[in-house]
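Heads up, the thing below is written out as structure tokens.
Please treat every number below as a calculation from the coordinates, not as lab data. Note that the structure is a prediction, hence the values are computed from the model and not measured. As a convention, Cβ positions derive from the backbone with ideal geometry for all residues, glycine included, and neighbour counts pool all protein chains shown.
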């Protein structure tokens, strides 16, 4: 799918005349990919990298354009089951237009960064900034979900909460790699600012982008380390909860077994000492109840 956008009053808007300085290809079909490769001279491998979620971020200088592959978070939906995924995006900057290739479009141009736009270089940098902001938003969500799962793990013995926590830890590993990969691209952009045609304002904004990405990287590292270091403790909590319940069931079993033993002893087919006593039944019943009461008293006294 192709979207043509132009700059109007400092914002991006769809072009009704079919022309625009920004062309966004969302999951391009074979015909669109052929056009990009043959007409715009975009390297086929680089084009495929734009749609490959496992591709690393990079910046390349081609004869007719600048190609950038960067990482951005995938829009989270409920069916992802606590797995936050990462996508790749390709940005190809020509002299007169910007070509963007993505596998899906949600949240690509949303938010405050896409205001007061004057050039395609502004859009070029704001795409990276928006990806960083999106990562930060997801990190806050991951932290909140992690806190809720901690409370569930403290009281439940089910494996699903622990598995959800493992999934979050896996997501942070992917995020850490993606943000670190983007950091290398930002550094290369700074070193080639003049070659790209960035204005002094763009260079200043790029410095802010690098600071934001460094902070995002550090935040991801902290969340990842904390989550990894606490996994063993949370597993121990589940094991301890299981042991407590097994101990309780064992004591209940003993409490039931003792009166059964008493009754069984007096039910043997032999002469018993109190067989002649008319209240023997109640004596035996009393002994059975007393044995259960003794177990209950010891349970309370020893705080088992």
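What distance in nm separates the two pseudo spin-label positions at residue 246 and residue 211, each 7 Å out from Cα along the beta-carbon direction?
Calculated label separation equals 5.5 nm.
Could you work out the relative contact order of the chain? I mean the mean sequence separation of Cα pairs under 8 Å and 6+ apart, divided by the number of residues, in percent. Intermediate results must be reported in sequence, preceding the final value.
Working: 373 pairs, mean separation 45.7, N = 304.
This gives 15 percent for the chain.
With N residues in the chain, what two-decimal value do you get for its Cα radius of gyration over 2.2 N^0.38 Å?
1.73
Once you place label points 7 Å from the Cα toward the Cβ at residue 1 and residue 218, how far apart are they in nm?
Each label point lies 7 Å from its Cα, and together they span 3.9 nm.
Taking other Cβ within 10 Å of each residue's Cβ, how do 36, 227 sort, fewest first?
Numbers: 36 23, 227 20.
Neighbour counts put them in this order, fewest first: 227, 36.
Using only the alpha carbons of the stretch 242-301, determine the length spanned along each of the three principal axes and report them from longest to shortest in whole angstroms.
48, 22, 11
As a footprinting exposure proxy, order 94, 124, 297 by other Cβ within 10 Å, with the fewest listed first.
297, 94, 124
Given Cα pairs under 8 Å that are at least 6 residues apart, what percent is the relative contact order of the stretch 242-301?
49 percent.
Based on the Cβ-Cβ distance of residue 39 and residue 239, what FRET efficiency does E = 1/(1 + (r/R0)^6) give at R0 = 45 Å, to the nearest 0.05?
Computed FRET efficiency for residue 39 and residue 239: 0.10.
Pulled fully out, how much extra length does the chain show between residue 226 and residue 83, if you take 0.36 nm times their separation in residues and subtract their Cα-Cα distance?
Working: separation 143, 0.36 × 143 = 51.48 nm, distance 1.78 nm.
Computed gain between residue 226 and residue 83 is 49.7 nm.
Extension gain residue 116-residue 151, at 0.36 nm per residue separation less the Cα-Cα distance, in nm? Write out the running numbers ahead of the final one.
On the way: separation 35, 0.36 × 35 = 12.60 nm, distance 4.43 nm.
Going from the current span to full extension adds 8.2 nm.
Using a Förster distance of 22 angstrom, determine the FRET efficiency expected from the C-beta separation of residue 104 and residue 58, and round it to 0.05.
0.60
Using Cα-Cα distances under 8 Å and only pairs 6 or more residues apart, what relative contact order does the stretch 3-137 have, in percent?
26
Ranking 230, 206 by Cβ neighbours within 10 Å, fewest first, what do you get?
Fewest-to-most Cβ neighbours within 10 Å comes out as 230, 206.
Using R₀ = 41 Å, calculate the FRET efficiency as 1/(1 + (r/R₀)^6) where r is the Cβ-Cβ separation of residue 298 and residue 166; round to 0.05.
0.55
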